[in-house]
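Read the structure below first, then the notes.
What follows draws every value from the coordinates through simple rules; no lab data is involved. All of these numbers come straight from a predicted model, not from anything done at the bench. Quick reminder, even Gly has a Cβ in these numbers, built from the backbone with ideal geometry, and neighbours come from all protein chains shown.
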Amino acid sequence: MSRYFVVVFACMLAVFISYPQAFAQQTNWISSYHVYDLTDKIAVPSGQPLVSGHTYNVTVVISVPYTVSSNTFQVSLDPSMELSGAQYWYVLSSGYPGYNPSNFVAGSRVQSFSQVQGTLTLSTVFSVPASLTQRAVEGVVLHFERRNVELVSVKIVGGDVVGSLTVNVSDQSIQSYLNEKAQRSSLVSQGKISSSYSGLVDAILARAQSLFQLGLVDQALDLIKVVDPNNFPAPPSGTVMIVFQASTVALAALAAVLVVMYLRRGGRVAELEGKVDAARSVLSGLQVKAARYDKSLAEEIESLKKRLGELK
């Protein structure tokens, strides 16, 4: 019987010894946070992305659930964030018993505290660099949203990560495209563009989305703006509809040229220019046909020709 109690006691002891580590793995010490955009001077709702090029003040509340006098934990800011002002971190709850002012390093992204049960409130001020969402390839700027960036982390020194705040990072061009897409995707269903054009509108939206996914956000934004009620008058005759369908093919050619630019970024400039010229020739032929039936369509094709010319 005594051997049984020894075994039970040993098991209970193992549970109690491992409890703090298991608890640390299952909780997030960052109990709340608040994001303020210092550039636009607005509060950022939870779940909204940060915008590269902007400066932010992020306040985090860290709830330490228990005391381990031998432990130190560190609060870290993502290393890609840039300094804005004199320091990264500001202690808003100087009365937290684990805070030692002599251990505070003003210009450091990482701050250390003793693990004492209680609430620690910190604020961090930083700028999001444009390089997080943009890169240049063959003179073309590509834009990509960054997802699940660990902006702030809390880690026990020599132990586990016990707290994390993750965000997405976007930029102004990406946000502009997403806003335009949300508005223009519903123009047919809202009756602002005749359903006769639904195939053409869907084709343009699909081409724009393909460009967006390749990082060609500025070009996608230009293309999606073609979906405008002013560009789609009363349903045309069958002959003009053929011209519209042909212009859709031209839009596909535009997308193809841009895809080539992306995939063959190490290729020859002369070869790329040749593809641009070929696409512009197709558009010129369509422009002549369109001018016979619809002046606004001819003007739109002329606009597409100019956009292709700007790629050279």
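A compact table of results
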read-out: Sequence-distant residues sharing a close amide H with Leu151 (under 5 Å, placed H); value: Leu165, Thr166, Val167
read-out: Value of relative contact order over the range 27-168, rounded to a whole percent, pairs C-alpha under 8 Å and six or more apart; value: 31
read-out: Estimated vicinal HN-Hα couplings, Hz - the range 91-97 in sequence order (Karplus 6.51, -1.76, 1.60; Gly, Pro = x); value: 8, 9, 10, 5, x, 4, x
read-out: Around Leu132: net Lys/Arg minus Asp/Glu count, Cβ-Cβ under 14 Å; value: -2
read-out: Gained length - Ser189 relative to Val140, 0.36 nm times residue gap less alpha-carbon distance; value: 14.2 nm
read-out: Under 5 Å, built H, 5+ apart or other chain: amide partners of Asn71; value: Gln115
read-out: Long-range amide H partners of Phe104 with built H, under 5 Å; value: none
